[in-house]
Structure formats: C-alpha cells, structure tokens
Amino acid sequence: MMRRLFQKSRSETERDQELRFHLERHVADYVAAMSTLLIGVTGTDPATYAAAVAVISALALLASWVPARRATKMDPLVALCYG
C-alpha cells in the first residue's frame, strides 16, 4: 500500500515538473514575442502590462454598461413580448 502511494506521488511530481517546464517555456516565448512587437518596450515592462490591463478592463466595463443602461430604460413587459 505504501509503495503504491509513493509511486503515485512520484508520478504526480514528475507530471508537475513537466507542466512547469512547458509553462515556463511558453511564458519565455511570449515575453520574447512581446519584445519584438513593440519598439522601445521590453517584454517584461510592468507599465505596459498595467496599461494594457487597464484599457481592456475599461473596454469590458463599457461594453457591458451600455447595453445594461439601455435595458433599464425599456419596459420589461415590452422586452418580454418582443424578445
């Protein structure tokens, strides 16, 4: 029983190491690709990532706020009848 338990944990550890290796490789490829896309910006520039997250978040908020605002101005019974 204990032998099986140790074999299982060893195989899970090897799988975790393999997953970590592939993840690190893909992150390194992503950073290298990002550094070639923008001139004067490194792939690990935190200000660029923060600005990108801020812009995408603002667009997502706007994209959900506009239809919600429009929906609040409509009568629910009309929306159900014609929806």
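At a glance:
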{"quantity": "Alpha-carbon Debye profile of the chain, log10 I(q)/I(0) at 0.11, 0.18, 0.22, 0.24 Å⁻¹", "calculated": "-0.68, -0.89, -1.05, -1.10"}
{"quantity": "Length released on extending from ALA51 to ILE39, taking residue separation times 0.36 nm less the Cα-Cα span", "calculated": "2.7 nm"}
{"quantity": "Sum of -39500 (n - 2.57) over DSSP H runs of 4+, divided by residues of the chain (222 nm, nearest 500)", "calculated": "-29500 deg cm²/dmol"}
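Computed from the coordinates by the stated procedures, all read-outs in this text should not be read as laboratory data. Everything quoted here is computed from the prediction, not taken from an experiment.
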